[in-house]
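Peer 1: Quick one: structure below, then a few questions.
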């Protein structure tokens, strides 16, 4: 097995953003990054600077668009490293975030994430509590009412470092979700299987969030359908039961998936 990290980024006609991310990765993460899988979900030019990058760039062209989970599962098939990074194309790096996450990894970690900052430097809500119908409505009415929380149940999928062994044992993302909630489902399954989630303080990335579901009727339909699938899934209710059982333990920090310093 190769050392380091295999990373995956999917472009939906966003090759300019991908080029900027590749440049950031080449500047900061070259020593840690073994391979970057770039999936072109629609027909467009390949990223610039592939030959100059200090890591392998492998291009995957889709015959038809796939969802978030299906695309990253497809990229994960190219992973021969102990860690697999899921990256959004609209991320910007100002440090070797992947290397710092890798250095902070501990036995039992299933998913590790940095602190995510919005473009204005405000901490984003990338570590969130379990979504419920009432909670989703509250977030719609008050988008900034649920900022990054020390007590979280899942990590948003814009930047995740996954333990490849754990991800493989779970069969990757559930591709029955389309574009939304794949990250929630994976985080719940990770914890149910005994793996830990961790957000590492002191490691950050910048995310210029597009939030298409707030502007596009099609994305809103996809989001609603994925939430319905989540709320009716056995995984969701198994996690709810486990969380209730661990209620007293959560108060003393013994539950999985809490915010912990490295």
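Peer 1: Within the chain, what percent of beta bridges assigned by DSSP are antiparallel, to the nearest 5? Write down the numbers at each step before the final one.
Peer 2: Working: 12 of 39 bridges.
Here the share of antiparallel DSSP bridges comes out near 30 percent.
Peer 1: Relative contact order of segment 1-137: what whole-number percent is it, with Cα pairs under 8 angstrom and at least 6 residues apart?
Peer 2: Details: 203 pairs, mean separation 41.1, N = 137.
The value is 30 percent.
Peer 1: Let me ask something else about it. Taking every pair of alpha-carbon atoms in segment 1-152, what share in percent sits in each 5 Å bin, from 0 to the bin with the longest distance?
Peer 2: 2, 9, 16, 19, 19, 16, 12, 6, 2, 0
Peer 1: Relative to the longest principal Cα axis of the chain, at what angle does helix 234-245 sit, 0 to 90 degrees, rounded to 10?
Peer 2: It is inclined by approximately 50 degrees.
Peer 1: Okay, next question. Does anyone have the angle between helix 15-28 and the longest principal axis of the chain? Alpha-carbon axes, 0 to 90°, nearest 10?
Peer 2: 90 degrees
Peer 1: Ranked highest first by average number of other Cβ atoms within 10 Å, how do 177-183, 194-200 line up? Write out the running numbers ahead of the final one.
Peer 2: Working: 177-183: 23.3, 194-200: 21.0.
Output ranking for 177-183, 194-200: 177-183, 194-200.
Peer 1: Between the helical axis of 182-192 and the dominant principal axis of the chain, each derived from Cα atoms, what acute angle in degrees is found, rounded to the nearest 10?
Peer 2: With both axes taken from Cα atoms, the answer is about 60 degrees.
Peer 1: Give the value in nm², to one decimal: projected area of the alpha carbon convex hull of segment 1-51, averaged over all directions.
Peer 2: So the mean shadow area of the Cα hull is 3.7 nm².
Peer 1: Hey, what did the chain get for relative contact order, percent, Cα under 8 Å, at least 6 apart?
Peer 2: Values: 505 pairs, mean separation 54.8, N = 262.
So the answer I get is 21 percent.
Peer 1: Which residue fluctuates the most in the chain, going by a Gaussian network model with Cα springs under 10 Å, if the choices are 235, 115, 136?
Peer 2: Answer for the Gaussian network model of the chain: 136.
Peer 1: In a Gaussian network model over the chain where Cα atoms closer than 10 Å are linked, find which of 54, 107, 131 has the largest mean-square fluctuation.
Peer 2: Checking each option, the largest mean-square fluctuation is seen for 107.
Peer 1: Over all distinct alpha-carbon pairs, what is the Kirkwood Rh of the chain in angstrom? Mind showing how you got there, number by number?
Peer 2: On the way: mean 1/r = 0.0537 Å⁻¹.
For the chain, the Kirkwood estimate is 18.6 Å.
Peer 1: So what is the calculated 222 nm ellipticity per residue for the chain, using -39500 (n - 2.57) for each DSSP H run with n of 4 or more, over all residues, to the nearest 500 deg cm²/dmol? Spell out each step's value before the answer.
Peer 2: Numbers: 9 runs with 88 residues, N = 262.
So the calculated ellipticity at 222 nm is -10000 deg cm²/dmol.
Peer 1: Turning to a different aspect of this structure: With springs only between Cα atoms under 10 Å apart, run a GNM on the chain and tell me which of 35, 244, 176 wobbles the most.
Peer 2: 244
Taken together, the values in this text are just the output of simple stated rules run on the coordinates, not laboratory data. Note that this is a predicted model, so its numbers are computed, not measured. Quick reminder, even Gly has a Cβ in these numbers, built from the backbone with ideal geometry, and neighbours come from all protein chains shown.
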